[in-house]
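Please treat every number below as a calculation from the coordinates, not as lab data. All values reported here derive from a predicted model rather than from experimental measurement. Virtual Cβ from ideal backbone geometry, glycine too; neighbours counted across all protein chains shown.
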Amino acid sequence: MRDGISQGFSDDAPAAALLPWYDRHARALPWRVGPEALAAGERPDPYRVWLSEIMLQQTTVAAVRDYFHRFTARWPTVTALAEAEDAEVMAEWAGLGYYARARNLLKCARVVAGDHGGIFPDTEDGLRDLPGIGPYTAAAIAAIAFDRPAAVMDGNVERVLSRLFAVETPLPASKPELRALAERLTPNTRPGCYAQAVMDLGATICTPKSPACGICPVMSLCAARRTGIAADLPRKTPKKPKPTRLGIAYLVRREDGAVLLETRPDKGLLGGMLGWPGTDWAEDTPQDAPPMDVPWHDPGLEVRHTFTHFHLRLALRLAHVPTDATPDRGEFHPRATFRPASLPTVMRKAWDLAQGAWPED
């Protein structure tokens, strides 16, 4: 195990260098209370911190900003979110991906509102008892919202520590070592600012490619910089190729413009979301029955979309039916109230691709 002594610096040296840098260069984020505001007495809102951390899981800051603004404008408190309709929240979440996060978001809001009087627990252990909050998210909320000395580990932090200590063991095998280092370096003074400083460092200077070592506030401490391997770290175990799954999406439009949608099962990908009726997604083309016994038009179109664990190729089948047609599954939604933007990305791609290809157009 590498330690502060073997690296030639004390365990409090990174915080001593990073905190003044953060005070000058902290990113302005809509969910963040910056250093000046903190010094003036403003305190972070745990609801906003929690919401941002859930949204940021496996997603970029740029992708999250607009969603965060819409959510907090519509549901400004955890109690307001807890009282929201599931379908409304899922619709607002559409496009962010990883929809289990949205389902857990509602579960957590309702537990906080119902069992905790609308007040978030202020410890890692208490936070981890809530739905959808794992070790990283609990540590991030505890540190940022409550200034607890919690070791926050995300991809930015792992990269910074891998380089600072020249950890050459590939990820994910190096995670326990990196966590131990993070715990050693987390200060008792301003731990929330320190956690955000390390994340900002990884996001803006200690980037995956071409790190800007020359302006890094901890460059004098960095073992990887001294040995010239900073850009090569962290090493990663090669990923296995993703399999490809196939499926069919059935898009039906009535003469009055209504479209046929169904709510997907709560469990599984896109759980609880509205989408086009379709087959299962499998390695061989599924032969599930379509949602209506009508003539189907094959426009020769295919949606291609990538999920975390597989690539999807989704063939389209289109139908134009009378206003009195009755589906075997799903429900027709009036065109006046149907919002394509409320669909998950893969379903929205199918809608966009179908335009101009309807059999009666």
Sorted peptide list for 261-273, 140-152, criterion being average Cβ within 10 angstrom, highest first: 140-152, 261-273
Alpha-carbon centroids, the range 162-177 and the range 193-210: separation in whole Å: 16 Å
Where in the range 301-361 are there GluC sites (Glu not before Pro) that are in a DSSP coil and have at most 16 other Cβ atoms within 10 angstrom of their Cβ? E360
Alpha-carbon centroids, the range 15-54 and the range 290-361: separation in whole Å: 44 Å
Which entries of K175/K239; K267/K349; K175/K236; K239/K267 have Cα-Cα distances beyond 20 Å here? K267/K349; K239/K267
For the chain, take the alpha-carbon Rg, divide it by the Kirkwood Rh, and send me Rg/Rh. 1.05
Kindly provide the helix-only [θ] at 222 nm of the chain, computed as the sum of -39,500 (n - 2.57) over DSSP H runs of four or more divided by all residues, to the nearest 500 deg cm²/dmol? -11500 deg cm²/dmol
